[in-house]
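Beneath this line is the structure, given in structure tokens, with notes to follow.
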Amino acid sequence: MNDCIFCKIINGDFNTDFIYENEKLVAFNDINPQAPTHILFVPKEHIESLNELNNTILIKEIYDAIKTVAKEKEISDYRVVLNTGKNAGQEVMHIHFHMLSGRKLNWPPG
Ligand code: 5GP
Ligand code: ZN
């Protein structure tokens with residue numbers, strides 16, 4: 001999608017370093033990290049949010065990628081966040097999963 005920042009990143013427009021990439025998705029550092037490790041896992045296909053996601057196999061592929069990166073980085077404790085809709089904190093309307101780690105994470109989230 002032309003005006004989507006994550007589509008542009010996936011397209012290589014900003015020469016973003018990908019921590020992980022496969023046929024279906026990319027992972028890169030969040031520009032405004034909320035924890036020492038804050039990585040975004042983003043499907044290459046432009047899907048606005050979980051509400052528009054029909055291919056649930058993609059969810060498995062994303063979690064597999066998260067586990068792979070966690071293992072590579074020797075991270076055992078982390079939180080995965082999927083904000084869906086504005087009131088839940090979704091700002092970029094291209095589905096993405098946050099992986100947060102490296103500090104004590106509070107519960108419940110704000
Ligand atoms: P959301 O609030 O939609 O769940 O998360 C969007 C995330 O994308 C935010 O944590 C924000 O910091 C991150 N973000 C927004 N624009 C960019 C960008 O251009 N590059 C990177 N690396 N992260 C971005
Ligand atoms: Zn997009």
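Values in this text are rule-based calculations from the coordinates and carry no lab data. Please read all numbers here as calculations on a predicted model, not as lab measurements. Neighbour counts run over all protein chains shown; Cβ positions are idealised from the backbone, glycine included.
Where in segment 32-61 does the amide nitrogen come within less than 11 Å of the point 7 Å from the Cα of Val81, taken along Cα to Cβ? Within reach of a label on Val81, which here means backbone N under 11 Å from a point 7 Å along Cα→Cβ, segment 32-61 contributes 33-35, 38-39. Summing +1 for each Lys or Arg and -1 for each Asp or Glu among the other residues whose beta-carbon sits under 12 angstrom from that of Ile39 gives -1. Packing here is the average count of other Cβ atoms within 10 Å per residue, and on that basis the peptides 19-25, 30-36, highest first, run 19-25, 30-36.
For n ≥ 4 DSSP H runs only, could you compute -39500 (n - 2.57) per run for the chain, divide by its residues and tell me the 222 nm figure to the nearest 500? For the chain, the value works out to -6000 deg cm²/dmol. Each residue, Glu74 and Tyr20, gets one label point 7 Å from its Cα in the Cβ direction; the gap between the two is 1.8 nm.
Cross-link partners of Lys60 among lysines, defined as those whose alpha carbon lies under 23 angstrom from its own and excluding same-chain residues fewer than eight positions apart: Lys24, Lys44, Lys71, Lys73. With both labels modelled 7 Å from their Cα along Cα-to-Cβ, the Asn106 to Glu45 distance reads 3.8 nm.
Expressed per residue, the C-alpha convex hull volume of the chain stands at 111 Å³.
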